[in-house]
Amino acid sequence: MEKDISYNLGFYIQRISRLITYRHNLMLEEQGITFSQFKVLLSLWEKDSKTQNEILEDLLCKPSTLSGLINILEKKELVKRTVDIYDARIRRIGLTEKGKSLEHVSIGIIDELEAELSKDLTSSEKTNVIAILNRVKMGFEGELEETD
């Protein structure tokens, strides 16, 4: 017996996430970055010079995935690795000037997609959807923390 998963909340959240990521990639392509690379840069725009573990906390991805993203961003000269001034065993990831220069236009692209995504919602509906999704996220994060 096959189960129809089209009524599962997770199905819709994942499907919407994939659609949004696809659109982000199309829109960010002109800047020479992917949405995954954008998320690393976003973490660094919030606070420049982080350890990989600090970025991992922001992105919730595998360490090997993050290492690959950082390698690509380093080749594109958007980030640089430096030795921590207090502990030589620690490498910090920081933005280059080229990486800093992408912030304004990249955030504008994200804002543009946000407007497109919510264009058919009233302000109240958008607020309600965000509140509901935040409750789902918080409950799910709580369950994940209990299994760690």
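Across region 1-31, what is the number of residues that are aliphatic (A, V, I, L, M), assigned to a helix (DSSP H, G or I) and free of Cβ contacts under 8 Å to residues at least 40 places away in the same chain? Lay out the reasoning, then the answer.
Initial filter on region 1-31 (aliphatic (A, V, I, L, M)): 1, 5, 9, 13, 16, 19-20, 26-28.
Then keep just the ones that are assigned to a helix (DSSP H, G or I); that gives 5, 9, 13, 16, 19-20, 26-28.
Going one step further and asking which of them are free of Cβ contacts under 8 Å to residues at least 40 places away in the same chain, we end up with 5, 16, 19, 26.
Looking only at that region, the number is 4.
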Hey, Lys98 hits all of (1) touching a Lys or Arg at 6+ places or on another chain (Cβ under 9 Å); (2) closer than 30 Å to Gly10 by Cβ; (3) touching a residue at least 12 places away in the same chain (Cβ under 8 Å) but one; which does it fall short on?
(2)
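Looking at Thr34, Thr65, which one is of a type in the set (Ser, Thr, Tyr), closer than 30 Å to Tyr86 by Cβ and surrounded by 12 or more Cβ atoms within 10 Å (Cβ to Cβ)? Even if it seems obvious, please write down each step before you answer.
Working: Thr34 fails: closer than 30 Å to Tyr86 by Cβ.
The match here is Thr65.
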In the set Leu117, Leu121, the lone residue that is loosely packed, with under 15 Cβ neighbours inside 10 Å, within 30 Å of Tyr12 (Cα to Cα) and either among the β-branched types (Val, Ile, Thr) or in contact (Cβ under 8 Å) with a residue 24 or more places away in the chain (or both) is Leu117
Identity of the residue in region 114-147, of a type in the set (S, T, N, Q) and closer than 23 Å to Asp58 by Cα, that ends up modelled with the highest pLDDT:
Asn134
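Would you be able to tell me the number of residues in region 4-26 that are of a type outside the set (D, E, K, R) and more than 15 Å from the chain's Cα centre (by Cα)?
Let us first name the residues in region 4-26 that are of a type outside the set (D, E, K, R), namely 5-14, 16-17, 19-22, 24-26.
Okay, now just the ones that are also more than 15 Å from the chain's Cα centre (by Cα), so 5-13, 26.
Here the count works out to 10.
The values are calculated or read from the model by the stated rules, or taken from the named source; none is laboratory data. Keep in mind that what you see is a predicted model, and the values were worked out from it rather than measured. Please note: Cβ atoms are built from the backbone with ideal geometry, for glycine as well, and neighbour counts cover all protein chains shown.
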